[in-house]
């Protein structure tokens with residue numbers, strides 16, 4: 001008992017530093033949501049009454065879920081291929097997955113603009129091949145935003161799923177095959193269930209990231225897709241409605257913590273965030 | 001969201017890099033914008049007699065001291081001006097003033113922000129015994145909590161290759177049948193709602209108060225056929241690449257487009273929304289009254305204002321300036337009398353009362 005106390009005492013300086021330099025300022029900012037314009041829950045009342053805030057939240061959730069779903073599908077396929085590839089090939093695959101992570105989010109958003117706009121490569125290609133007559137609206141809408149966000153999130157989806165797929169004992173798959181299961185059955189009854197913890201972990205990670213996207217929707221949305229982060233910025237910097245901005249920020253933080261709390265019962269979050277190899 | 005001032009600075013550098021203007025012109029123009037910066041980033045007042053001007057661009061200091069600082073220092077011995085390019089949004093000014101450590105003296109802001117800040121007791125009233133109201137062309141350029149050494153306008157631009165009969169006004173802008181194609185608007189209520197209101201037939205002379213529900217509904221009508229820009233280069237891109245065929249953009253960008261496309265993209269002064277480039281003094285500024293004198297000096301000198309127009313296209317606000325403008329440039333000057341008379345001056349008072357609400361609703365409308 002005494003020895004335990006000693007360990008905790010060693011942790012104390014770090015804990016205090018985090019509290020004073022990190023948690024306290026955040027709480028101070030979030031507290032503005034109940035002190036401005038007057039003391040009370042007036043700002044939170046807007047959650048129920050203001051259609052604008054509700055729409056921003058719905059848009060954020062919709063785009064977040066859509067992005068998560070698509071990124072998981074693509075990521076799963078990629079992770080599956082990588083997990084089953086030969087070690088030498090695996091390295092190349094991984095490099096391919098990680099490379100986009102080192103390119104600025106701004107550059108990637110503008111690259112998508114170049115590809116998807118009315119006279120962009122995709123539309124021109126489709127028109128030249130005679131598949132379409134008029135350019136398709138591929139950007140300046142939610143479609144463009146989701147494309148940009150999925151592109152950003154796929155590596156984050158691949159890595160946790162790959163980690164969990166690598167832990168699957170390949171002898172189990174061989175045994176299932178040996179006992180007469182078809183390839184489909186092996187995947188559906190053995191591989192998929194065993195890889196599920198990775199899928200959930202990746203889903204949580206991607207969804208939480210997606211809620212806070214700022215640059216990608218601002219550039220690819222054509223001004224018509226307003227997500228939570230941009231709305232908060234608008235309230236704080238331009239409209240000087242700090243109470244409202246802090247309110248949505250608080251809601252966002254609460255939503256993220258709630259997501260983590262729920263899924264921490266399903267997956268090992270410490271592993272997700274790299275605390276354990 | 002980029003402000004007009006930020007965009008001017010960006011435009012200046014772009015022109016310089018393309019070799020269209022020389023270094024001296026660049027510096028002169030930047031100085032006129034107040035867009036120069038102290039080496040090492042954020043400027044701090046080193047002595048009580050330093051004045052900190054805050055702008056939206058991150059650039060070098062020398063031009064400013066040559067153009068505004070030197071004459072001002074010559075008049076007021078020992079007073080220097082230093083530049084800070086943090087970007088004085090209303091939110092940043094508020095957090096500085098409320099922290100009790102104001103280090104900014106004169107901030108490049110806007111009419112609506114000056115009123116929002118002033119009413120919240122975050123800005124100092126302009127002392128019109130120091131600043132001369134007669135130094136600006138109209139009452140909209142000398143407000144209670146800010147005054148404008150330059151002006152800019154939100155004008156209608158269109159792709160003349162697409163329309164044999166050119167659009168004339170905002171009613172044409174909203175007429176998707178006669179003028180089909182994507183529209184381009186700024187992601188902000190100011191100027192957009194004025195255009196919407198005029199498109200509904202309200203006479204420019206009696207524009208205010210705007211009918212908010214009607215003009216917002218009007219914006220919503222063309223939402224599906226519109227894209228929205230947040231910064232000047234973006235607005236230029238949308239028009240140049242043909243993503244949009246008609247737009248409401250800053251006249252500085254319209255000028256560049258007209259010149260670069262050899263007149264394919266044209267601008268219309270008619271019903272343009274003329275806006276003041278308002279500077280504000282944060283409450284408790286370290287330089288005190290000296291900031292008022294600096295602002296007075298910026299308003300009182302027509303020559304640097306014309307220099308800025310030559311370089312970037314920002315309109316002068318000093319009544320003596322228009323006559324000094326070279327003939328070739330007159331048609332690009334938003335405050336040239338023939339151009340100014342067909343435009344509407346934005347009503348800062350109305351926006352001070354309505355900006356927060358109207359802009360929030362505008363965002364709802366366009367993201368609907």
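All of the numbers you see were taken from the coordinates with simple rules; none came from a lab. Predicted model only: the values in this text are computed from it and were never measured. Note that we place each Cβ from the backbone using ideal geometry, even for glycine, and neighbour counts take in every protein chain shown.
The Rg/Rh ratio of region B:298-346, with Rg taken over Cα atoms and Rh as the Kirkwood radius over Cα pairs, comes to 0.93. Binning all Cα-Cα separations of region A:52-272 at 10 Å, short to long from zero, yields these whole-percent fractions: 8, 26, 30, 22, 11, 2, 0. One quarter of the surface of the convex hull around the alpha-carbon atoms of region A:1-108 equals 14.3 nm², the direction-averaged projected area. Helix B:348-367 sits at what angle to the longest principal axis of chain B, using alpha carbons and giving 0 to 90 degrees rounded to 10? It works out to around 50 degrees. Using the empirical formula 2.2 N^0.38 Å as the baseline, the Cα radius of gyration of the protein assembly as shown reaches a ratio of 1.10. Computed over chain B with a Gaussian network model linking Cα atoms closer than 10 Å, the most mobile of B:247, B:232, B:284 is B:284.
Taking 0.36 nm per residue of sequence separation and removing the Cα-Cα distance, the residue A:101/residue A:121 pair yields an extension gain of 4.9 nm. Taking 37 °C and 0.692 mPa s as conditions, region B:60-193 diffuses translationally at an estimated 176 µm²/s according to Stokes-Einstein applied to its Kirkwood radius (Cα pairs).
With each label modelled as a point 7 angstrom along the Cα→C-beta vector, the residue A:62-residue B:261 pair spans 3.2 nm. Mean residue ellipticity, 222 nm, helices only, chain A: the sum of -39500 (n - 2.57) across DSSP H runs of n ≥ 4, divided by residue count and rounded to 500, is -23000 deg cm²/dmol. Convex hull volume of the C-alpha atoms in region A:149-277, normalised per residue: 129 Å³. Packing around the peptides A:55-61, A:206-212, taken as the average count of other Cβ atoms within 10 Å per residue, puts them in this order, highest first: A:206-212, A:55-61.
With neighbours defined as other Cβ atoms within 10 Å of a residue's Cβ, the residues B:89, A:182 order from fewest to most as A:182, B:89. If I fit a long axis through the Cα atoms of helix B:90-99 and take the longest principal axis of the Cα atoms of chain B, what angle between them do I get, 0 to 90°, rounded to 10? So the inclination is approximately 30 degrees. Largest GNM mean-square fluctuation across A:48, A:248, A:116, computed for chain A with C-alpha springs under 10 Å, falls on A:48.
Taking the DSSP bridge list for the protein assembly as shown and keeping only pairs wholly inside it, about 60 percent are antiparallel. Spherically averaged projected area of the convex hull of Cα atoms, region B:178-225: 3.6 nm².
Model label points for residue B:211 and residue B:49, set 7 angstrom from Cα along the Cα-to-Cβ axis, are 5.9 nm apart.
Counting Cβ atoms of other protein chains within 10 Å of each Cβ in A:221-230 and taking the mean gives 5. Across peptide A:111-119, the average count of Cβ atoms from other chains found within 10 Å of a residue's Cβ is 2. One Cα centroid belongs to region B:304-368, the other to region A:108-176; the line between them spans 43 Å. For the residues B:172, B:105, B:188, a GNM of chain B with alpha-carbon springs under 10 Å puts the largest fluctuation on B:172.
Could you tell me how many degrees, from 0 to 90 and to the nearest 10, lie between the Cα long axis of helix B:4-17 and the main elongation axis, the longest principal axis, of the Cα atoms of chain B? With both axes taken from Cα atoms, the answer is about 90 degrees. When 1/r is averaged over all different Cα pairs and the result inverted, which Kirkwood radius in Å belongs to chain B? Hydrodynamic radius (Kirkwood, Cα pairs) of chain B is 20.6 Å. Our analysis of region A:222-269 gives Rg over Rh at 1.17, with the two radii drawn from alpha carbon positions and Rh computed by the Kirkwood formula.
Please give the contour-minus-distance gain from residue A:194 to residue A:90: 0.36 nm per residue of separation, less the Cα-Cα distance, rounded to one decimal in nm. Let's see the in-between values first.
On the way: separation 104, 0.36 × 104 = 37.44 nm, distance 2.05 nm.
Extra length available between residue A:194 and residue A:90 comes to 35.4 nm.
For chain B, what is the percent of antiparallel DSSP beta bridges, rounded to the nearest 5? Close to 60 percent. Cβ crowding within 10 Å, taken as a proxy for footprinting-reagent exposure, orders B:185, A:138 from fewest neighbours to most as A:138, B:185. Ordering A:224, B:330 from the fewest to the most neighbouring beta carbons within 10 Å gives B:330, A:224.
Calculate the translational D of region B:135-225 in whole µm² s⁻¹ from Stokes-Einstein, where the hydrodynamic radius comes from the Kirkwood formula applied to all Cα pairs, the temperature is 10 °C and the viscosity 1.306 mPa s. Let's see the in-between values first.
Numbers: Rh = 14.9 Å.
For these conditions, the coefficient is 107 µm²/s.
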